[in-house]
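See below for the structure under consideration.
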Amino acid sequence: MCCHRIDYSEGFEDSLVLAMAGILLATLLLLAAGASEAFWEGAEIALDRWRRINALQENCLYLSVHINSTNLRILQERKPLYDFTSKNEEGGIHILVLNERTGSVMATRRFRTYQPAEGKNLQRFLEALQPGRVVVIAGMPEFLNYLSPEGEAALVKLGAQMLPRVAMGEPWAMVAITGSPFHHVTLDLSRGKVIAEALATRANKRPPRNLFLEVALERDPEDRDCWWQRLAEMKDQAEFCRLYEGYGDLCSCGRPLVPSHRPRPPPIPMAEEIPVVVVTANKPHYLYRLLKNLGQVAGSRETQVLVVVDGPHQETLRLAEVFGVEVAVHTPQGSPGENTRTNMNIAFALHAVFERWPKVNKTILLEDDLLLAPDILSYFHQTSWLLTRDPTLYLVSAFGQNSYPSTACDPTTLLRADMYPQYGWMTCRRWVAEVLPLWVPAGSGVDWDWWLYTEGVRRGMQAVVPEVSRTAHAGAAGAHVTGWEQHQYFDPRLISYRPHVQLRNVGRLLSSNYSEWFEDEIRRATKIQLLSHPCHYNIIPKNQPGPFVLYLGVASRADGDNGFFLMQACLGTDEQEVKEIYEGVLRFRIRPFVHNHAHPHAHPQDLAPQDHVNATLEAAKSRSLGCEKEARVLYLVGCPLSKYCKYSAGPSDWVAPKADFVKEADRVASKRRKARQTARVRLNPKSAKEEFDLDNFLDVSRRMPGQ
């Protein structure tokens, strides 16, 4: 039986532990000596006793966690398992999952909870673990800031008792055993067991103190293989689940997901073969979510899939093997986290997919951190012929930049726009053959998607974009999308939730057709003026069907006078820059001003947290209620930027926002993007009991602006 445990933090506890250790050592020496003054005479240990002691030691896992303001180290029997050094004290929460018998590391994850959007990801990861695993959780000093109620609740459900009393700037650590499965599907965290938990408190505004937690726990005496892991046909999946953790139903003992035995999704009309290439690096949990999602999409059984891995990452390669998809391994170029690394992997993926299938003319490129709409493959096959017919198009995008509840509604509508490739897109062999020889140079410091969008490479070609997106970005706190951006600009977006959508007027997207239709739309649109600040009233006239047009003072795409910014900020779309513009015009399908529409209150993760994809679709469905009846098309024409300014009455028609209007729009947009922060401050204790119970803190979260 393992009962040895020491946990303490830097400060007066150190001297207390050392003193206690000295007393314990002296006591043990006296007991060993017995009544004899020459206690060395009885120093010989019998071999059978030594064997029993050694057996006890071999049956234990000895773990220690060391945390200071910028460094984290986790050791097993003095051998480092995990090392991390943070920059600017941005460490977050780190989790190691160990095999309960061998002590081998089955998963390591870092959740950047010093930014928004990661708390719910932490919750999902914990719920995806198998029962009986040893979990080491370490929170570096600033981990609490955006842990989120969901993340904290998941840790408390696992058994954390000190966590609700942790204040800002305090390190915290816990070692626990995961609980049992709930209805053979999800993990019941509340049935877990905490082995040890430690917290290093600090006085208000003083530097964080160090934390050291050491624990010994008994190894499980035998492997806990599931019944299906002994089946010969499940050999690869069983081996994967013995080595790796965090894959939920793929490794469930009750009803495992078997990729080859999943229900066959319905087929879709396909005029040509269009393979999917999935680009990944070393994020196998994202890849698992995407491959599982893709396998549920109509038409996926008839679609070839190639996974391009940036380096020979064994966990990712084994996962692809379990799913039975083809793999190409790219030799990494550039350092991890640099533009060059990702840029070259994208180029290799485009080359590899056309090399693998020399007779296909188009491909769909997906990145591993996406969620897919149920009609995404149908969407691409309904539009693929446009790339064949129209040389002025270079891609069909699955992602709509303005796909928000307040600016989009109709999943059957397609638009043309200046757009860069990102978050799921289809292109053709012709364009890839032209662009690869000109690819972004290594070390240039430019991201591949921005480089492809520049006029020198794009040569004025445009993209087909959906009014309502067919993908959702679901990463968080990564190299290119921070947790702030994920929370503020990606989580609130719409995604098409309908399994079967027949696109309307696809032929209208051909260049000459679209130009004629678009000009007719502007010409017949009802002109409106701003009567007050557009953030605080419904700018669309009542009981009129539209479309409507508003002329704004915009001299160039740079939007120096903030005309586009004013309306984007007030209407609840992405106001960071001018996106999806066509001939100097932005097109939105807006709803009457309703606080819930402009300030989305329900994030995709708020529903069914154990299933990210279904939660996202359900959230999109709830945000779309009533939009067909309420929404009206609005064209924002930048003048003199657009050629369609000729339909205005001249500069007197052009809205040029004043500085106070722009400032108010910025305030409204900032308030809408506000993230809830956990803010607990450590106070001087009023009594020894209050300090012992860790009740000497003040929760100021609700006093913070926007909360």
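Readers should treat all values here as calculations from the given coordinates under stated rules, not as data from a laboratory. It should be emphasised that the depicted structure is a prediction, and the values quoted were computed from it without experimental measurement. Every residue, glycine among them, receives a Cβ derived from its backbone with ideal geometry; neighbour counts consider all protein chains shown.
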Stretch residue 223-residue 663 to full length: gain in nm at 0.36 nm per residue minus the Cα-Cα span?
152.1 nm
Spelling it out for residue 130: with amide H atoms placed in the peptide plane at 1.01 Å from N, the residues 5 or more places away or on another chain with amide H under 5 Å from its amide H are 246
Extension length gain for residue 686 and residue 258 (0.36 nm per residue less Cα distance), in nm, is 148.3 nm
Sparse-neighbourhood loop hits (trypsin sites (Lys or Arg not before Pro), segment 557-594; DSSP loop; Cβ within 10 Å at most 16 others) -> 557
Which listed pairs, of 120/362; 643/671; 646/674; 621/643; 283/362, have C-alpha distances above 31 Å, in listed order:
120/362; 643/671; 646/674; 621/643
Excluding same-chain residues fewer than 8 positions from residue 359, which lysines have a Cα within less than 29 Å of its Cα?
292
With a cut-off of at most 14 other beta carbons within 10 Å, and DSSP calling the residue loop, which trypsin sites (Lys or Arg not before Pro) in segment 634-707 qualify? Please list them.
658, 686
Taking the chain and counting helices only, DSSP H stretches of n ≥ 4 at -39,500 (n - 2.57) each over all residues, the nearest-500 ellipticity at 222 nm comes to -8000 deg cm²/dmol
Loop trypsin sites (Lys or Arg not before Pro), segment 445-491 (other Cβ atoms within 10 Å of the site Cβ: 15 or fewer; DSSP)
459
Using alpha carbons only, how many angstrom separate the centre of segment 309-360 from the centre of segment 525-546?
49
Distance from the Cα centre of segment 638-707 to that of segment 109-138, in angstrom?
28
Added length on full extension, which subtracts the Cα-Cα distance from 0.36 nm per residue, residue 191 to residue 504:
107.5 nm
Within segment 256-292, list the residues whose amide N lies under 19 Å from a label point set 7 Å along Cα→Cβ of residue 301.
257-276, 291-292
Please enumerate, by chain and number, the aspartates and glutamates with C-alpha under 14 Å from the C-alpha of residue 629, excluding those fewer than 8 residues away in the same chain.
410
Which aspartates and glutamates does residue 686 reach when only Cα atoms under 16 Å apart count, and residues fewer than 8 places away in its own chain are ignored?
695
